[in-house]
Structures are given as structure tokens and as C-alpha cells.
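Scroll down for the structure; my scribbles are underneath it.
The values are calculated or read from the model by the stated rules, or taken from the named source; none is laboratory data. None of the values given here were measured: they were computed from a predicted structure. Cβ atoms come from the backbone with ideal geometry, glycine included; neighbour counts cover every protein chain shown.
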Amino acid sequence: MQAHISSCRSVLPLFCLSILVACAQKIQAPTARTADAQIATTGTYVKLDGSASSDPQNQPLAFSWSFVTRPLGSTAVLVDEHGATASFLADVAGEYVVQLVVSNSVLVSAPVTVKVTSGPCGARAPVVNAIQIDKQSVIVGTTFQLTAGVNDPDNGAGCNLNQTLSYDWKVVRLPPGSQARLNSATAENPSITADVSGDYVVQLIVTDSTGLANDPKTVTVTVGIAQPQTPALSVSALAKGSGYVATANTVYTASAPAKSGMRYVWSVDQGGIVSAGGAAGQLSADGTLTFVELNAGPIGTLHVSVKEVNQAAVASAAATSTIQVVAAANAPSITAPAFITAGSSTVYTASIATISGASYRWQVIGGALVQDSGASATFLAPAQPGLVTVHCTETNAAGDSTATGDAMVNAIAAPPSSMAARATQSSSSAGPRRAQGR
């Protein structure tokens, strides 16, 4: 800049002017900033703060404070009128307007003003500074808390009246369709859960114990739309591997966590949704779960899916679960000997034809179970003649269907030793008896 000015001594004035204009166009004016309006006690000093002023080129700033207006009869003068902070004595009650201008040695800022209202103790209303929220950004479904900086000059130095303050919060505007409410209208720090995107305008009036109140102070909170996420899907059927196993023509519940402001779209490619709501599903009583009831349908493979959709109709990728649908359990048909010898140490065997994926449990009543091997069981006869009942319970692969088959076996007394060979031969020729399940 200095080089340009010096060169003007040896060039034409118009050329010099063009250089100065071009240089000035590259320099931006600083910005003056000062605090909000203040309330002061008459007879006390008021501090003015312009330290938030800034220069785009980060050049040092020169400050200039001056009175625009003073109350009638005031002789107040500014102290440190060229400093980043200044002060004055509010010598009479009334309104003082002070102006601040800053300069970066080339350009001067636009002026800003601050209003200071002075009054006697007990005659001033509370002051509500900026209302803030506890989050940098708010999206649908989140709760934000409101906090206001409140100052009552009558409680400050010079007065110390210890007046109590009461808060009156009010939602003055909501986005269309919102049912949001303050959790308390009188708390110092109430909260709101945003249910719709858009602007929420909240007002605060603070009243002191003498009945003086501030002018209404408002804050606007803009709520955005959350991006949909693929839900975490679960099914009430038996989990197996990466999917589920269900029994044919049985009703199950598919569910996923639900978020406020989102809707959910369900689909089933076999069987069908049997609960109210259809593809839209239903919400749990507390709104934290979305679910459908579905009929597993015939034997085969079923796919159930759910998508999360936000208020802008943007859908997430689908969460899909595969359900293998199997038959209900059938009572096994047991093959067992018709007669066994009471008191014998012989180990007898009962068996069934198994179904893949099913499990089996054996029980012997009137005899003693030796080993349960799933497809078969071994057992001992009782010490005394009588009836032995052999049970086999089948549980299908889904684990929620069972059926039991029975076989009745007669335990008879051992024949006399002279007839043993004949009895053994007769029993062998008769063969085992096959009992039908029930």
C-alpha cells in the first residue's frame, strides 16, 4: 500500500487514483460487535464490551465509542472510549444508547449500538438473554432442552433484593402436523421431543416477585429429517444360522425397533400378514417397536422384509429374514417287541423312522430306559410281569410342535426251564410288534 502511494508522486493523478481504488477493493471492512441491551442500576458503572469485533484480514482494530442519546439531565462520559471495552456511570435513570465503530486503518465498520436502561432498585424487570438448546443440531425423534440466561438487575450488586423469578414457557409455533409439547411450562430448563421436521418457535417470559416481567423472548429451533436406517429385524420363530425355522400354518411375530418420525413397510412373500395394519405394521404401546403377525403358510421357504421410511418418503434398504417352514410334528410309529420276559437281564430295543431336522425323546413306563439314541431306545423289563409302555415324543425342526407315539409291551413271567427253548423259539417266530402312534 505504501509503495503504491509513493509512486503517485511520479505518475499521473488519475493513474494513482486507479491504483488506490484497486488496492481498496482487495481490503474488506471490519465488523463491529457489542453485547445485547443491558439493564443497569442508577448510580453504578456500566461496562461495554466490543472485543467480539473482527477484521477479515486479521488487522489490528481501532475502537471508537460514543453516546447517541443520554437521558435528560445526564452528564455521563465514556471511560476508555478508544478501548475494546469502555464504561460509563449511569448517573440518572433512563435510556442510554451507545455506538461503536471499529477501523482497520483503511476502512471503517458500520456502526452498531447498544441500549442501556438504568433505573432504581426494585423498579426493573428481569432480562432474558439468548435462549439456547443443548444440541448443535436436532432431528426428528430427538429431545432438546431449552436454557435461558436470565438476569434480574434488582438482585445484582448495589441492590441485592433477592427477588424470586418465575418462568413461563410457551410453544408459539409448531410445524404442520406436530403434536410436540413442553414437558413443563414453568421449569427453568424444559424440553421438547421433536416429532415433525420444521421450525419450533418457543417463547419465554420471566416475572420477578414484584410482578415485573421481561418483553417476550423467543427462539426458533429448526428440526431436520433423520436419514432412514436398515432396521434390526427379528422373528419369534426358532433362530437357526442366519435365518429361522417355523412350523407350517402357524402365526409368528416379526418385529423391529421403531423410531419417532419414521414409518415402516412390511412384506411377506409366502403365507401372509394376519395382524391389523397390514404392510404398515403396528406400533407397540410405547412406540418403540414396529411389528406384524404373519402366518408361515405351507412347507417351504418364506422371506419377511421391513423398510424404514422417513418423512421425505426416503426408504432404507430392506432388512430381510429367511424362514424355513417345516411340517408340524407327527406321532412316531414305534416298533417294539410284543412280549418281553419279566426279570430278564436282556436289553430290548424299540425304534422309529426319523424325520430330518426333528428331535426325539424316549420314555419307558413300567420298565427301565437304558439308552435314548434318538432313532431308537433300549430298555430292561420289569422284575415282575406287567404292562410296559414305551413313549417317543417327536419335536419338529421349528421346536414348537410336538407329538407322542406309544407302544404297549407285555412283560410276562419266565417259562419253566424245561419250556425255555420252546418259548424262545415261539417268541422268535412271532417277531416284533409295530405300534401306531397317537
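The test for being closer than 23 Å to G357 by Cβ, small (G, A, S) and free of Cβ contacts under 8 Å to residues at least 40 places away in the same chain does not hold for A280. Within region 196-250, the set of residues being part of a loop (DSSP other than H, G, I, E, B), aliphatic (A, V, I, L, M) and more than 30 Å from R124 (Cα to Cα) comprises V196, I225, A226, A232, L233, A237, A248. Scanning region 71-124 for residues that are of a type in the set (S, T, Y) and modelled with pLDDT of 95 or more returns S74, T75, T85, S87, Y96, S103, S109, T113. Residues in region 263-282 that are crowded, with 20+ Cβ neighbours inside 10 Å and either on the phi > 0 side of the Ramachandran plot or assigned to a loop (DSSP other than H, G, I, E, B) (or both): 2 in all. Residue pairs whose Cβ atoms lie under 6 Å apart, sitting 6 or more positions apart in sequence or on different chains, and linking a residue in region 76-93 that is under 18 Å from K115 (Cβ atoms) to a partner that is part of a loop (DSSP other than H, G, I, E, B) and among the acidic types (D, E), are A76/D91; A86/D80. With respect to (1) surrounded by fewer than 16 Cβ atoms within 10 Å (Cβ to Cβ); (2) more than 30 Å from A29 (Cα to Cα); (3) over 20 Å from the mean Cα position of the chain (by Cα), the lone exception for R181 is condition (3). For region 352-371, taking the residues that are surrounded by fewer than 19 Cβ atoms within 10 Å (Cβ to Cβ) and hydroxyl-bearing (S, T, Y), the one that is farthest from P385 (Cα to Cα) is identified as S356.
When Y244 is tested against (1) assigned by TED's automatic domain parsing to the domain that holds S305; (2) crowded, with 20+ Cβ neighbours inside 10 Å; (3) more than 30 Å from A296 (Cβ to Cβ), only condition (3) is not met.
Pairing residues of region 124-137 that are at positive phi with residues that are surrounded by 12 or more Cβ atoms within 10 Å (Cβ to Cβ) and of a type outside the set (F, W, Y), at Cβ distances under 8 Å and at least 6 apart in sequence or on separate chains, gives no pairs at all. One residue stands out among those in region 70-97 that are among the hydroxyl-bearing types (S, T, Y) and in a strand (DSSP E or B): the one that is nearest to A37 (Cα to Cα), which is Y96. Comparison of T210, T247, T253, T220 shows that the only residue that is in contact (Cβ under 8 Å) with a residue 40 or more places away in the chain and under 28 Å from the mean Cα position of the chain (by Cα) is T253.
Rundown of residues vs (1) without any contact (Cβ under 8 Å) to a residue 40 or more places away in the chain; (2) of a type outside the set (F, W, Y); (3) in a loop (DSSP other than H, G, I, E, B), yes/no style:
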site: E293; (1), (2), (3): no, yes, no
site: V304; (1), (2), (3): no, yes, no
site: K307; (1), (2), (3): no, yes, no
site: T320; (1), (2), (3): no, yes, no
site: N330; (1), (2), (3): no, yes, yes
site: T335; (1), (2), (3): no, yes, no
site: S345; (1), (2), (3): yes, yes, yes
site: T354; (1), (2), (3): yes, yes, yes
site: R361; (1), (2), (3): yes, yes, no
